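The structure under discussion appears below in the form of structure tokens.
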Amino acid sequence: MKLFVTVGNTRFDSLFKALDKIAATSKHEFIGQIADGSYIPDNFPSFTFHNDISAHIKEADAVICHAGAGSIFRLLENEKKIIVVFNTDRVDEHQRDIASFVESESLALTCWELAHLEELIEQLVSFTPNKYYKDDFHKVDNIIDCLFS
Amino acid sequence: MPKNSQPKLLLIYGKGGHKEQMKRLIAKMQEQHSFEFVSMADVTDEFNAVEHLQCPEPRDKFHLWKAPWQLAHISAVTLIQTIKLLKNHNITGIVSTGPGMAVVPSLILRLLGKKVIYIESWSRFYTASATGIFMYRIANQFYVQNITMLAKYPKATYSGRL
């Protein structure tokens, strides 16, 4: 599998350290977007930021991403198979809600501890996520009325 | 009297997902109503604001001890930036998709009788954000994008997801 790894705007060095170890012996191909992280993987190519990562997303068979909502919703809207990794380097719990949500709805595989990541990558091959359903934003009229009437 | 009397909104957002939510919201609003806006964010402007002021990040995701200092700093900076924008523009309302840099400007605008709209982050399903808890009390309209959040904010309006 071709796996694209993205962490949006938030560095996640522990993830790339873990993946670097996995990539050393893995049959899968990895490419990483590491944000402002200080750990540069030796065993697969990486870059910091890019204005448009859509080509990487499109080319990948699956994506490993941090539990940032912007990244996750974009990938779900693009019907990608994903492993969502809870960012244990952060001091806050801001990613917990969405990681729990995608796990409970079987929209993605969720990794809470990096020790399980290798096993989850193998599970990804046979994983079929549930279809992502989005109740589209429908309160623009109320907002316009409130602001301009 | 502001230098420029054309009515404008003040849009406030943070980097990453907050910016993406604002991008989607602006597109949806512009389909229905043309408007000018100024903005405040911890990133550069990509939405063609009439004036954009860059503020510091409201939190450090990796060092808890920095939080009190950052809170004081962001409050002071956004207070000064709000006064500056109010001097230059006729701001009629504020819309924010979070995070914390929205609190002080929203409080000021609410006290001045302007409309304040806050959209709680789409990442929230079961727990309320600190900014959300403040904004729930300040905003004229408070929206949640995930229906489960009505348990946390009973008077909020469920909007669906951006």
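Given the criteria closer than 24 Å to B:Tyr126 by Cβ and either within 14 Å of chain B (Cβ to nearest Cβ) or out of contact with any Phe, Trp or Tyr (no Cβ under 8 Å at 6 or more places or on another chain) (or both), does A:Gly37 qualify? I'd like the intermediate steps shown before the answer.
Working: closer than 24 Å to B:Tyr126 by Cβ: no; either within 14 Å of chain B (Cβ to nearest Cβ) or out of contact with any Phe, Trp or Tyr (no Cβ under 8 Å at 6 or more places or on another chain) (or both): yes.
Considered against the rule, which asks whether it is closer than 24 Å to B:Tyr126 by Cβ and either within 14 Å of chain B (Cβ to nearest Cβ) or out of contact with any Phe, Trp or Tyr (no Cβ under 8 Å at 6 or more places or on another chain) (or both), A:Gly37 comes out as no.
Have a look at A:Asp36, A:Asp89, A:Asp52, A:Asp42 and point out the one that is assigned to a loop (DSSP other than H, G, I, E, B), on the phi < 0 side of the Ramachandran plot and touching a residue at least 60 places away in the same chain (Cβ under 8 Å).
Numbers: A:Asp36 fails: touching a residue at least 60 places away in the same chain (Cβ under 8 Å); A:Asp52 fails: touching a residue at least 60 places away in the same chain (Cβ under 8 Å); A:Asp42 fails: touching a residue at least 60 places away in the same chain (Cβ under 8 Å).
Checking each option against the conditions leaves just A:Asp89.
Residues A:Ile144, A:Ile57: which one is among the hydrophobic types (A, V, I, L, M, F, W, C), open to solvent by less than 50 Å² (accessible area, probe 1.4 Å) and closer than 18 Å to B:Glu20 by Cβ? Steps first, please.
Numbers: A:Ile144 fails: closer than 18 Å to B:Glu20 by Cβ.
When all the criteria are applied, what remains is A:Ile57.
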Original post:
Within region A:6-46, how many residues are over 23 Å from B:Gly14 (Cβ atoms) and hydrophobic (A, V, I, L, M, F, W, C)?
Top reply: 10
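Could we say that A:Ser100 is surrounded by fewer than 21 Cβ atoms within 10 Å (Cβ to Cβ) and farther than 27 Å from B:Glu120 by Cα here? Can you show your working first?
Values: surrounded by fewer than 21 Cβ atoms within 10 Å (Cβ to Cβ): yes; farther than 27 Å from B:Glu120 by Cα: no.
Spelling it out, it is not the case that A:Ser100 is surrounded by fewer than 21 Cβ atoms within 10 Å (Cβ to Cβ) and farther than 27 Å from B:Glu120 by Cα.
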**OP:** Determine which member of the set B:Ala67, B:Ala130 is open to solvent by 60 Å² or more (accessible area, probe 1.4 Å) and modelled with pLDDT under 95.
**Re:** B:Ala130
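Kindly indicate whether A:Ala62 is without any contact (Cβ under 8 Å) to a residue 60 or more places away in the chain and within 13 Å of the chain's Cα centre (by Cα).
Working: without any contact (Cβ under 8 Å) to a residue 60 or more places away in the chain: no; within 13 Å of the chain's Cα centre (by Cα): yes.
Considered against the rule, which asks whether it is without any contact (Cβ under 8 Å) to a residue 60 or more places away in the chain and within 13 Å of the chain's Cα centre (by Cα), A:Ala62 comes out as no.
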Original post:
A:Glu119 passes all but one of (1) without any contact (Cβ under 8 Å) to a residue 12 or more places away in the chain; (2) under 28 Å from A:Asp36 (Cα atoms); (3) at the interface with chain B (Cβ under 10 Å from one of its Cβ atoms); which number fails?
Top reply: (3)
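Open to solvent by less than 30 Å² (accessible area, probe 1.4 Å), under 21 Å from A:Ala18 (Cα atoms) and not β-branched (Val, Ile, Thr) - does that describe any residue in region A:119-128? Explain how you work it out, then say what you get.
Going residue by residue through region A:119-128, those that are open to solvent by less than 30 Å² (accessible area, probe 1.4 Å) are A:120-121, A:124.
From what's left, under 21 Å from A:Ala18 (Cα atoms): A:120-121, A:124.
Applying the additional criterion that residues be not β-branched (Val, Ile, Thr) yields A:120, A:124.
Yes, region A:119-128 contains a residue that is open to solvent by less than 30 Å² (accessible area, probe 1.4 Å), under 21 Å from A:Ala18 (Cα atoms) and not β-branched (Val, Ile, Thr).
Here's the yes/no breakdown for (1) at pLDDT below 95; (2) of a type in the set (Ser, Thr, Tyr); (3) closer than 22 Å to A:Lys2 by Cβ:
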| residue | (1), (2), (3) |
| --- | --- |
| A:Phe44 | no, no, yes |
| A:Ala62 | no, no, yes |
| A:Arg90 | yes, no, no |
| A:Ile98 | no, no, no |
| A:Glu103 | no, no, no |
| A:Thr110 | no, yes, yes |
| A:Asn130 | no, no, no |
| A:Phe148 | yes, no, no |
Subject >> Those residues of region B:114-158 which are of a type in the set (Gly, Ala, Ser) and assigned to a loop (DSSP other than H, G, I, E, B), in sequence order >> reply: B:Ser121, B:Ser123, B:Ala128, B:Ser129, B:Ala139, B:Ala156
Subject >> Residue check for B:Ile94: touching a Pro at 6+ places or on another chain (Cβ under 7 Å), within 14 Å of another protein chain (Cβ to nearest Cβ) and surrounded by 18 or more Cβ atoms within 10 Å (Cβ to Cβ) >> reply: yes
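The values are calculated or read from the model by the stated rules, or taken from the named source; none is laboratory data. Predicted, not measured: the structure shown is a model, and the values here were computed from it. Note that each Cβ is placed from the backbone with ideal geometry, even for glycine, and that neighbours are counted across all protein chains shown. Side chains included, ligands, DNA and RNA excluded: accessible areas come from the protein's heavy atoms. Shrake-Rupley method; radii C 1.70, N 1.55, O 1.52, S 1.80 Å.
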